[in-house]
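Beneath this line is the structure, given in structure tokens, with notes to follow.
The values are calculated or read from the model by the stated rules, or taken from the named source; none is laboratory data. Everything numeric here is computed off the predicted structure, so don't read it as measured data. All Cβ positions, glycine included, derive from the backbone under ideal geometry; neighbour counts span all protein chains shown.
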Amino acid sequence: MSKQKPSVLFVCVHNAGRSQMAAALLARHAGNRVTIRSAGSEPADQLNPAVVAAMSEIGIDIAKETPKLLTSELAADADVVVTMGCGDTCPVFPGKRYEDWVLDDPAGLGLDEVRPIRDEIDAAVRNLVAELLP
């Protein structure tokens, strides 16, 4: 990465769960040392309420976040693009670092089922921070 401040884009289909949790967790662990964005290939109308509740349990308020549409510009500006279940709908740009995190989709799940997904994302985010900010 040529920039002093790396840029990370988290992408999932609806931008209502996994990518929102990842962005918020990266903000917690990296602060302003990383530019953080999230988007979805088919954004939902609102965040998953169980995801909002799961994040609130660990002191992160994402209730005011809104799902955003993935654009070519967002992906082009990122140093690292982390995909989470968007398959072929995620654009690929040469020269970008891509990671695909295989995670269950929290859509339609209750809080008890979302917690392990949140914790798995937290562990992956911590690993990413260790790589980006040695």
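Only a single item in (1) out of contact with any Lys or Arg (no Cβ under 6 Å at 6 or more places or on another chain); (2) within 19 Å of Ala124 (Cα to Cα); (3) of a type in the set (Val, Ile, Thr) is not met by Val92, and it is number (2). Tell me, yes or no, whether the stretch 49-66 has at least one residue that is touching a His at 6+ places or on another chain (Cβ under 7 Å), at pLDDT 95 or above and farther than 25 Å from Leu133 by Cα. No: zero hits. Residue count for the stretch 34-81 under the criterion of being part of a helix (DSSP H, G or I) and either farther than 21 Å from Tyr98 by Cα or among the aliphatic types (A, V, I, L, M) (or both): the result is 12. Among the residues of the stretch 1-46, the one identified as out of contact with any helix residue (DSSP H, G or I) (no Cβ under 9 Å at 6 or more places or on another chain), among the charged types (D, E, K, R) and in contact (Cβ under 8 Å) with a residue 40 or more places away in the chain is Lys3.
Remark: pairs (first residue in the stretch 94-119, in contact (Cβ under 8 Å) with a residue 12 or more places away in the chain and under 15 Å from Ala16 (Cβ atoms); second residue surrounded by 15 or more Cβ atoms within 10 Å (Cβ to Cβ) and of a type in the set (Val, Ile, Thr); Cβ separation under 7 Å; 6+ apart in sequence or on different chains) = Leu103/Ile117; Leu103/Ile121; Asp104/Ile117; Pro106/Val51; Pro106/Val114; Pro106/Ile117; Val114/Val51. Among the residues that make up the stretch 25-33, is at least one of them within 14 Å of the chain's Cα centre (by Cα), at pLDDT below 95, outside any strand (DSSP E or B) and surrounded by 15 or more Cβ atoms within 10 Å (Cβ to Cβ)? The answer is no; no qualifying residue exists.
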